[in-house]
Structures are given as structure tokens and as C-alpha cells.
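Shown next, in C-alpha cells, is the structure this report addresses.
The values are calculated or read from the model by the stated rules, or taken from the named source; none is laboratory data. Quantities reported herein were computed from a predicted structural model and do not represent experimental measurements. Ideal geometry is used to build each Cβ from the backbone, glycine not excepted, and the neighbour counts take in all protein chains shown. Areas reflect the complete protein model, heavy atoms only, side chains present, ligands, DNA and RNA absent. Shrake-Rupley method; radii C 1.70, N 1.55, O 1.52, S 1.80 Å.
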Amino acid sequence: MPNAFDFSASPFDCLDEAEQKIVRDSVDIAYFREGEAILEPGVEPSHLFIIIKGHVSQFDAGEAVAGYGPNDCFDGRSLMAGLASSRFVAAEEVVTYLLAKAAVNALIARNATFGALLFSDLSNKLGALAQRHEQREMHALTMSRVEEAFLRPAHVVEGAADIVTVARLMQAEHSSSVLVRDGDRLGIFTNTALQRAVVDGQPLDRRPVRELATFSLVSIAPDAPLFDALALMIRHQVHRLVVADGSRIVGLLEQLDLLSFLSNHSYLITVRIVRAQSLDELRSEAGKITGFIALLYRSGTRVGQIGKLVQALNAKLFERTWQLIAPPELLADSCLFVMGSEGRGEQLLKTDQDNGLVLRDDTTVADAVVESACLRFSAALRNFGYPECPGGIMVSNPAWRHRVSDFCIRVRRWLLRPDPEGLIALATFIDAHAVAGDASLLGAVRAEIGPFVAANDALLSRFAAPIDLFPDAPGGWWSRLLLFGEHEPQSLDLKRAGIFPIVHGVRSLALRDHVQATGTIARLDALVANGRIPVELAGDLGDSLHFLMGLKLKAGLAESDAGHGFSGSVQVERLSSLERDLLKDALAVVKRFKELVRHQFQLERA
């Protein structure tokens, strides 16, 4: 039986062959009846338990604080401390491996990652996990295909064309090269060749381009690995390849674009967005953003970094869309902004549109022109795959497009009469981030908030209260997670369970302290600097938020691959043992933070 030990489960999946042998040589098997105590407080543990079958509940002071299922292990912390502090009970019949304490100590001494994943807090566990992901990142990128990189259009000229004509074409097309067809030959003329022609001193308007073209082209198929393209460039000492599908020329792959792709895919998408001349072109680039996110996530890039890149990409996409739709006078007299997770830089997959528009007070742009542009903008985003906001928080809704003075009146109304609808609007607006136009217009509206919030404890309490909108009451998601083996498989809404309480709790504290940052992590940093939150808690909250966002992203990508809609939920029993362990840690941090927010805003207990 020990030979059947599952080394694919964390933390044992980081062991090498010699370390796996230590496990096999030191493991035994035990059986416990339903309701039987496996470990009692004050007992000195002699083994690490790794569950084969069944479920175990952990109790502290009579309260269930954790649940464990197949491939989960416990209680490593007690093993190292020398005494158990919790009671572990078989929630049903349990079969478990017993790994001797001496073997556990030997593995920790040999493998720091094993120790970190087994015993450390949430931050160290995630750090150990990130190190393992980073080792795979470059491999995943270099296995991308040539057709996924930025291919420049292949403009073809005849060999008899004069160099002045060709240079004008290159300037008009913003191209550093053109292909030259001369009979049966196909060559290339580049900026380097143009410089050489100028230095030669011969009349360029009478010199055929074939004389300076290079006809020894190196080509590659569009479905070839990108790593092969890099190898070809090095081998032939060339800076560009002709990408050809049989006799059909697809485009040109330049070395700069290849290296940029390998180091930062977002650069290439940004270039295409900025150069787009139509909404159809932008739609094509918007469709590539999800694939880019999937590549980054699956190659181990941290969720916080992905969020920042996605915010930057979406901002460029929204800005260029607005530039193509709005007339110049409207562009000059307005500020387009995004809100919610998009404004915080925490949106990963495409969710509801949350945007608005502030107009200059003295603008002469007709209301009909503004309305037409806003309706087209919302429709364009919907066409790009960004669903409309069910609450209508979009520029197509007149309530979210105003002149500065009118917007200020609206914000003051939210603050002076904080009904539920107004508080939702205020919470959404606080995350506003400018993406196009004059950002000072948005700044003028945001400046209205501070004076009304100062010393207004009643407003702040009502604003913070929604952290208990989804309470962890008995029988709720917290209990189902802790005792998941005793129930049918349940889906866990990650936003309700953890993401929203973190985001809104931090947002409430930031509002009280007049913190101007819109991102949750930046707000946490400011709150730590102000002495409002202990640095350790802030770190745990940031780690928990990013872990929950990562789980949500993973589930969303799986739903997308299966052709399903994005639900934002996960099936807890389908998570790996490490993911369940980290989820318990993260939700425990959320529970602790909610207590802090309740105390600071004197909220009634749920």
C-alpha cells in the first residue's frame, strides 16, 4: 500500500525521487471510525496524517475551524510544536497515511519548499508556489507559435521601381521594409539598404530598388514554434523572417517584435490597439486579451501583475474606441472613466461595463452629439465582449454622463442622502479611473467627496455595512467549506465569500482616511502608512485577495474553454488539496478582517 502513495498532491509533489523514498520507507496506514477522535489537545503527535479516504473536522474550543478530505494532510504545526492544540475528529470513516515525525523532519531539512507548503502561513505558501510557477514561465512563452506574434504586413514592389517611390511607400505604411519581386526572385529592401543608397550618392529617383534588395530570404511557417523563429534569426544573422504558408506570404516577423512578444505580450496588443483605424480592428484585438490573460496565468505570472496589465490594455482599448467614435470637440471637453474592478485594476476576465463621462461645464458640444457617441461606445464594448451592466452604470445611461457641476451635485446627493442606491453609486464611483480625455474633470468631481465624509460617522458606518451582506452564519458557505465532506458538492461564490468583503472593507477604511488611491493593494499600503492596519494583516489581505482572484480566474478560464458562461464560482471539492488549504487560510483572513471593520465602524454583529 505505501507504494501507492500519491505524490501528485501538495506538498509532496515537490519531492525528488530520493525524498519520495524517504516517504515510502516511513509511512504506515491507520483507520478511524466515524466520530472517533484522531488527535486531542495536549497530546504529543508522532505522525503527520495524510487522508486517503473520508473527512476530518478540526475543532478549537468546540468550534469547527477547518475540514480535511482526501489528499489533505494535518497537523504539521502541532508536529513541530510538540503538542496538539486542536481536536481532530473523523467526520466519517477515515483511512489515513501516518508519516513518521523523523521522516517529516528529514524532508524539511532537505527541501525548503516542502516545509513552506506544509507549515508556513498564507504568504509563505504562496511565495513557495510562485517560485515553482516562475520556473515554467519562459518555457510556456517560447512554445507559442509564430502566428501568435505581431506580424507586419508584407508590402510587395516590383524590382524596377525607383528607390524614391519605394521610400514613399515605406513612409506611408510606417514600414521598415518591403518585399521586392524581380521576375522569379523575391527579395527584401530595408531601411538599412535605403541608408546605403543615400550614402552611395547616385540619383535615387533613377535607381531601381532591385539593385539594393537582398534576395536571400529566410522564411518560416506561421504554425512553427516561436522559439524556432528566434533560432533561425540567430543562425542566419537576420533581423526579420518572411512568414509564408506554402506560396502565400502571411507577413514579416521582425526581431524586435519577436523579443517583445517573449518578454511582454501586452506590448504587441497595445501597438495594434493604438494603430487601429476601425472598430472592427479593435474588436479583433479585444478578442486576444483573454488569450493573453490565459497565457500569463498558466505560465505562472502573479495575479496582481496580470491585473495591472489588463487595466492598462483595457484603458488603451477604451481610449482608442472613444477616439474613433467621439468627435474632436467632445474628446477635448470630456473625461471618460471606468469604475469597479476595472477602475481598481482588479478585473481579469471581461465582466460588466462600469463607466461614465464628465463633461466640461462650458462645453458647446450638443447633447444629441454626446448621447450618440455614448450609445455607440457602449454598443462597441458590448460587441467586444464586455457585457452591459445590469444596473445601467454606463455612459449610455444619462445618469452617468454629466457636466462637472451637475456631477458634483449628484455626488453630494449620494453623500447627504445615503440611501442604498446612492451608496452603491458612491462605492462604484470611488473606484473611478480616467482612461481618456481631461483627467482633471474627474478630479474636480472626486474632490467633492472629502469634505462631506469628514467626521460623518453615520455615513461611514452605513457605507461599510455591506461587508456583512453575505454573512458567514451557521449553515452558510463557511460551515460548508469547513465540513465539506458531510454535504453534497457545493459551489462557492468567491466574490461573495471573500473578494467583496476585502475590497469593500478596504474601500471603506480608505474613504474614512481620504485615501486617493483606487487599487485595493495601494489603499492597503496607504492604510498601513497611516497606522490604521497592521502591516501583517495588510500583507495577508493582499495575498488572500490575489489568491481568490486567481481561483476565480482559473475557474473562469475553464468555463470559457468549455463554452460556458462566466459564473465566478468554484466547486470546492474539485480543488486540489493545496488549493483547499490556501482557501481555508484566505477565508480565515477575511473573517478576521471583517471583525476589524465591524469594530472600527461600530457595526452591529451579524
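Residue check: is Arg185 touching a residue at least 12 places away in the same chain (Cβ under 8 Å) and open to solvent by 50 Å² or more (accessible area, probe 1.4 Å)?
In short, yes.
How many residues does region 512-525 contain that are at pLDDT below 95, closer than 17 Å to Leu596 by Cβ and of a type in the set (A, V, I, L, M)?
1
Determine, yes or no, whether Val23 is farther than 13 Å from Glu93 by Cβ, in contact with a Pro (Cβ under 7 Å, 6 or more places away or on another chain), surrounded by 19 or more Cβ atoms within 10 Å (Cβ to Cβ) and of a type outside the set (Asp, Glu).
So Val23 fails the test.
Condition first: at pLDDT below 90, touching a helix residue (DSSP H, G or I) at 6+ places or on another chain (Cβ under 7 Å) and open to solvent by 20 Å² or more (accessible area, probe 1.4 Å). Can you find one or more residues in region 207-219 that meet it?
There is no residue in region 207-219 that is at pLDDT below 90, touching a helix residue (DSSP H, G or I) at 6+ places or on another chain (Cβ under 7 Å) and open to solvent by 20 Å² or more (accessible area, probe 1.4 Å).
Within the set of pairs 6+ apart or on separate chains, which have a first residue in region 106-129 that is among the acidic types (Asp, Glu), a second that is modelled with pLDDT of 65 or more, and C-beta atoms under 8 Å apart?
Going by the 8 Å Cβ cut-off, the qualifying pairs are Asp121/Asp540; Asp121/Asp585.
Can you name the residue in region 423-442 that is open to solvent by less than 50 Å² (accessible area, probe 1.4 Å) and out of contact with any strand residue (DSSP E or B) (no Cβ under 8 Å at 6 or more places or on another chain) and, of all such residues, is farthest from Val395 (Cα to Cα)?
Leu423
For region 238-251, indicate whether the set of residues that are at pLDDT below 85, open to solvent by 20 Å² or more (accessible area, probe 1.4 Å) and part of a helix (DSSP H, G or I) is non-empty.
No, every residue in region 238-251 fails to be at pLDDT below 85, open to solvent by 20 Å² or more (accessible area, probe 1.4 Å) and part of a helix (DSSP H, G or I).
Regarding Gln353, is this residue at pLDDT below 95, open to solvent by less than 10 Å² (accessible area, probe 1.4 Å) and assigned to a loop (DSSP other than H, G, I, E, B)?
yes
Which condition does Ala197 not pass, out of (1) in a helix (DSSP H, G or I); (2) within 27 Å of Glu148 (Cβ to Cβ); (3) in contact with a Lys or Arg (Cβ under 9 Å, 6 or more places away or on another chain); (4) of a type in the set (Gly, Ala, Ser), if it passes all the others?
Going through the list (1) in a helix (DSSP H, G or I); (2) within 27 Å of Glu148 (Cβ to Cβ); (3) in contact with a Lys or Arg (Cβ under 9 Å, 6 or more places away or on another chain); (4) of a type in the set (Gly, Ala, Ser), Ala197 breaks only (2).
State whether the residues of region 446-460 include one that is at pLDDT 90 or above and closer than 19 Å to Ile502 by Cα.
The answer is yes, given that some residue of region 446-460 is at pLDDT 90 or above and closer than 19 Å to Ile502 by Cα.
So, in region 327-344, of the ones that are in contact with a Leu (Cβ under 9 Å, 6 or more places away or on another chain) and open to solvent by 10 Å² or more (accessible area, probe 1.4 Å), which residue ends up farthest from Thr428 (Cα to Cα)?
Asp333
It is to be established whether one or more residues within region 490-505 are open to solvent by 30 Å² or more (accessible area, probe 1.4 Å), closer than 29 Å to Glu573 by Cβ, modelled with pLDDT under 90 and of a type in the set (S, T, N, Q).
Scanning region 490-505 turns up at least one residue that is open to solvent by 30 Å² or more (accessible area, probe 1.4 Å), closer than 29 Å to Glu573 by Cβ, modelled with pLDDT under 90 and of a type in the set (S, T, N, Q).
Just give me the residues in region 59-73 being charged (D, E, K, R) and in contact with a helix residue (DSSP H, G or I) (Cβ under 8 Å, 6 or more places away or on another chain), in sequence order.
Once the filter is applied, which keeps residues that are charged (D, E, K, R) and in contact with a helix residue (DSSP H, G or I) (Cβ under 8 Å, 6 or more places away or on another chain), region 59-73 yields only Asp72.
Give Ser78, Ser86, Ser10 a once-over and let me know the one that is open to solvent by less than 40 Å² (accessible area, probe 1.4 Å), within 18 Å of Lys584 (Cβ to Cβ), modelled with pLDDT under 85 and more than 35 Å from the chain's Cα centre (by Cα).
Ser78
Please work out which residue is farthest from Ile51 (Cα to Cα), limiting yourself to region 546-576 and to residues that are modelled with pLDDT of 85 or more and surrounded by fewer than 20 Cβ atoms within 10 Å (Cβ to Cβ).
Here the residue is Leu557.
Take Val310 and tell me if it is in a helix (DSSP H, G or I), surrounded by fewer than 21 Cβ atoms within 10 Å (Cβ to Cβ) and touching a Phe, Trp or Tyr at 6+ places or on another chain (Cβ under 9 Å).
Against the criterion (in a helix (DSSP H, G or I), surrounded by fewer than 21 Cβ atoms within 10 Å (Cβ to Cβ) and touching a Phe, Trp or Tyr at 6+ places or on another chain (Cβ under 9 Å)), Val310 does not qualify.
For region 360-380, which positions are outside any helix (DSSP H, G or I) and open to solvent by 20 Å² or more (accessible area, probe 1.4 Å)?
Result: Arg360, Asp361, Asp362, Thr364, Ala366.
Considering only residues that are in contact with a Pro (Cβ under 8 Å, 6 or more places away or on another chain) and either at pLDDT 95 or above or open to solvent by 60 Å² or more (accessible area, probe 1.4 Å) (or both), which ones fall in region 26-38?
Listed by number, the residues that qualify are Asp28, Ile29.
Hey, does region 554-575 have a residue that's in contact with a Leu (Cβ under 7 Å, 6 or more places away or on another chain), among the charged types (D, E, K, R) and farther than 19 Å from Ala517 by Cα?
no
Given (1) closer than 17 Å to Ala436 by Cβ; (2) in a helix (DSSP H, G or I); (3) touching a Gly at 6+ places or on another chain (Cβ under 7 Å), where does Cys335 come up short, assuming only one miss?
(2)
Counting only residues that are open to solvent by 70 Å² or more (accessible area, probe 1.4 Å) and not in a helix (DSSP H, G or I), which one in region 577-606 is farthest from Pro70 (Cα to Cα)?
Ranking the candidates gives Gln602 first.
Kindly check whether there is at least one residue in region 558-569 that is closer than 25 Å to Thr290 by Cβ and among the aliphatic types (A, V, I, L, M).
So far as region 558-569 goes, yes, one or more of its residues are closer than 25 Å to Thr290 by Cβ and among the aliphatic types (A, V, I, L, M).
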